[in-house]
Structures are given as C-alpha cells and as structure tokens.
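The values are calculated or read from the model by the stated rules, or taken from the named source; none is laboratory data. Because the structure is predicted, anything quoted here is derived from the model rather than measured. Cβ placement follows ideal geometry from the backbone for every residue including glycine, while neighbour counts extend to all protein chains displayed.
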Amino acid sequence: MTTQTKTIIRAALDADPTMSETDRKAVEVVMDGRDPFEEMPRCIRYAKAAELLGVKRCRIKQLVASGVLVPIRTKADGRASGVTEKSLLALLRGQKAS
C-alpha cells in the first residue's frame with residue numbers, strides 16, 4: 001500500500017465519528033501488513049496469574065486496583081476476566097506495566 005493511500009485512509013478514519021480509537025488502531029495494524037490477532041493482548045486469568053506469582057487471587061486484585069497489573073475487561077458486564085500477559089511479564093521483570 002502506498003504512503004498516499006495510507007494518508008487518505010487515515011484522513012477518512014479521523015473524519016468518521018463512529019470509529020473508536022481501538023478500531024482505528026486495528027485498521028493501522030492491517031495497513032502496516034501486520035497480523036491484528038498478534039496485536040491483541042493475551043489474557044491471563046487471575047488464578048493463573050496468582051499461581052505464576054506465588055500469591056493468592058486477592059493479591060492479584062490488589063495489584064490490578066493499584067495499577068501494577070492491567071485488567072482485561074469483558075464488554076458484556078465490564079468485569080475484569082484477567083490481566084494482560086504484557087503487564088504480568090513486566091511485573092515479573094521488575095518493570096512498569098504499560
């Protein structure tokens with residue numbers, strides 16, 4: 001895809017009020033020739049995260065509440081179903097989650 005085509009598509013996306021930021025990013029990923037499914041965050045359930053860290057589930061919830069771990073929420077009810085693999089790996093490496 002040429003640079004001009006990408007510029008035109010980006011302008012159209014910016015002008016469309018029905019496009020969410022998430023949708024815009026997904027289109028950008030595809031335009032760049034990347035696999036959008038590889039860009040999706042992987043969900044680690046609370047129980048598995050607790051097992052990997054050697055703590056209880058309530059500690060995982062505390063880490064989510066304090067912003068150390070990033071939750072993945074379902075659209076249906078807004079409840080967190082787990083944490084992002086990226087934030088869990090960052091914690092294990094002693095880095096800040098993004």
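Scanning the stretch 41-81 for residues that are of a type in the set (Gly, Ala, Ser) and modelled with pLDDT under 90 yields ALA76, GLY78, ALA80, SER81. Going through the stretch 1-51 one residue at a time, which ones are among the polar types (S, T, N, Q) and more than 19 Å from the chain's Cα centre (by Cα)? Selection gives THR2, THR3, GLN4, THR5, THR7, THR18. For the stretch 1-28, which positions are small (Gly, Ala, Ser), surrounded by 10 or more Cβ atoms within 10 Å (Cβ to Cβ) and farther than 25 Å from PRO41 by Cβ? Correct list: ALA11, ALA12. Within the stretch 43-84, the set of residues being surrounded by fewer than 16 Cβ atoms within 10 Å (Cβ to Cβ) and in contact with a Lys or Arg (Cβ under 8 Å, 6 or more places away or on another chain) comprises ALA47, LEU53, ARG73, ARG79, SER81.
Report yes if LEU69 is in a helix (DSSP H, G or I) and touching a residue at least 24 places away in the same chain (Cβ under 8 Å), otherwise no. Judged against the criteria, LEU69 is not a match.
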